[in-house]
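**Student:** Next up is a structure, given as structure tokens.
Where a number appears in this text, it was derived from the coordinates with a stated rule and is not lab data. Note that the structure is predicted; figures quoted are calculated from it, not measured.
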Amino acid sequence: MKSVVMPAILAVALAAAGAVFWTMGKSEQRLADAHKELAMLRYADAGAESDAVAAAPPLVERVGGIGRTDLTDARHVRSTADYWQSAYAALQPKRDAAGSIAETDPDVLMLAANAAFRTTQGETDRNAALRKLDGVVKGYAEVLKAGPTAEDAAYNYEYAIRLRDALAKARPAPPGKAAAAQARIAADEGDLPVGPTLHGRPGGPPAKTDMAQFKIVIPKRGEERKDDPQAGKGGTKVRKG
């Protein structure tokens, strides 16, 4: 009887171990796919893959806490995808009953602070922008509390303080001028994606630049250059033959 029981117990143990490792492998594959989608700027797909990992954590995490790194990685991918999709509200850090920030992950806090800064860039009201910048400064301070070695957070903290001080001292621009500046930026972007992307904001000509002074020179045909060596203005092409 013992010769039958021991192999059966061993088989069950091996089957359980196989199920655990299969679950871990599936989770790792989903994370790899999420990072690939993130690198290809497919933020919605990256977020969906990270959500799948978070919704089905590996069995070993429930047993011994070995798979917590996967869930942390999935949270980072989800937060990064939300940031580049301009889902800034989803990045606001959670708070406890006393109103204090409960988030302790410096990477997640950094994205939340960056998202808060992005919301200030489209603010046209000076006082509202100052209030938001106060929150941005506090956000970067929370990042430094959670990760004192975060150099980017330290730089952004100093930059946000200087920007807030400069805005507080600056004279408010007339409403019409601010609206004209926003219209010019929208016209310069053309058919490019609206808002910031992984590559920054689209460029454009400097303010108060007369683009009419730039002329387009159209090359002439060989026979036209012989008849008139001066640059032509272009016109309707006549098909020969």
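**Student:** Beyond a 28 Å Cα-Cα separation, which of these cross-linked pairs lie in this structure: LYS138/LYS169; LYS94/LYS132; LYS169/LYS208; LYS138/LYS208? Write down the numbers at each step before the final one.
**Tutor:** Values: LYS138/LYS169 20 Å; LYS94/LYS132 18 Å; LYS169/LYS208 24 Å; LYS138/LYS208 36 Å.
Where the Cα-Cα span goes over 28 Å, the pairs concerned are LYS138/LYS208.
**Student:** Further question on the same structure: Let me understand region 71-174 better: what is its radius of gyration from the alpha carbons, and its Dmax, in angstrom?
**Tutor:** Cα radius of gyration and Dmax of region 71-174 are 14.2, 49 Å respectively.
**Student:** Next question, about the same structure. Going out from 0 in 5 Å bins, what whole percent of all Cα-Cα distances in region 115-159 drops into each bin?
**Tutor:** 5, 25, 29, 20, 12, 6, 2
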